[in-house]
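Have a look at the structure below, then the notes.
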Amino acid sequence: MTISTERIPGPTRVAGGRRRRFSLRATALWFAAVALLLCGAGFAVRILAGAAAAHPVAAALVVAACAPAVWSFARAGRRLRLRRTARRAARALALECAAAEIAVAEPEPIAPAAAPERADDGHGYCYDYDYDYDALDADAFEAAVAELCERDGCRDVQVVGGAGDLGADVVATTPDGRRVVIQCKRYCATNKVGSQDMQRFGGTCYAVHEADVAAVVTTSDFTTPAAEYAEQCGILCFDRQALLAWSAATGPAPWG
């Protein structure tokens with residue numbers, strides 16, 4: 001008995017890990033169906049062409065009757081393409097606006113400066129709240145805000161800003177026992193606190209830091225979206241004017 005050494009093609013792997021063998025019968029039936037479809041289409045075209053040649057008036061009427069439907073279908077397809085293009089353009093514009101707002105929210109580098117000289121207040125502690133906030137770096141600004149909290153009677157005042165602070169720069173207990181969490185934004189006048197800054201703080205001030213009072217204090221101002229978000233979340237916005245009034249004791253503290 002002779003044993004053939006010819007390699008028989010193995011089964012073909014299909015989706016799901018199952019194997020399917022090549023079927024000559026299925027392939028032949030598929031080609032036959034395609035051929036029949038093409039033949040039928042050609043036969044129909046010949047019949048329609050002959051009918052149009054024999055009855056040109058009727059053919060013209062049929063074309064005229066079908067033209068509005070074809071035109072409407074073409075217009076519907078064009079409107080669908082335009083809507084898709086508009087949606088893609090709107091998404092691209094939204095991404096560009098978000099990227100621009102994030103870029104604007106990045107603080108400009110400011111040369112560090114020493115905190116101002118402080119004079120004895122007569123009770124053994126040195127205070128001077130007439131800060132030149134534009135001359136302070138971020139760390140000195142956080143320390144200045146903490147001193148304002150101490151001046152106005154807060155207890156357990158801590159400066160916790162830095163890497164991993166999750167949005168809290170100064171935490172304290174107000175004179176009436178509430179926990180206040182403050183985020184300090186040392187920005188220049190042209191760089192406003194944006195909604196991205198506010199959303200990051202809003203996600204942690206209550207849930208993580210368990211604040212009774214949450215406030216953002218800045219040397220600049222707030223964008224309209226940032227102010228609207230803060231109002232919805234109950235976050236107090238202290239812009240430059242409110243900060244100067246608090247520092248001069250002519251305006252309320254953030255928890256006031």
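The values are calculated or read from the model by the stated rules, or taken from the named source; none is laboratory data. Because the structure is a prediction, the values reported are computed rather than measured. Ideal geometry is used to build each Cβ from the backbone, glycine not excepted, and the neighbour counts take in all protein chains shown. Heads up: the accessible areas ignore ligands, DNA and RNA and are worked out on the full protein's heavy atoms, side chains in. Shrake-Rupley method; radii C 1.70, N 1.55, O 1.52, S 1.80 Å.
Could you sort 33-41, 166-174, 248-256 so that the peptide with the highest average Cβ count within 10 Å comes first and the rest follow in order?
166-174, 248-256, 33-41
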**Asked** Ordered by packing density, taken as the mean number of other Cβ atoms within 10 Å over each peptide's residues, highest first, how do 230-242, 143-155 rank?
**Response** 143-155, 230-242
**Request:** At 1.4 Å probe size, with every protein chain present, just tell me what the per residue accessible area of segment 158-227 comes to in Å².
**Result:** 39
**Prompt:** Could you give me the ³J(HN,Hα) list for segment 201-207, computed from phi with Karplus coefficients 6.51, -1.76, 1.60 and θ = phi - 60°, whole Hz, x at Gly and Pro?
**Reply:** 5, x, x, 10, 4, 9, 6
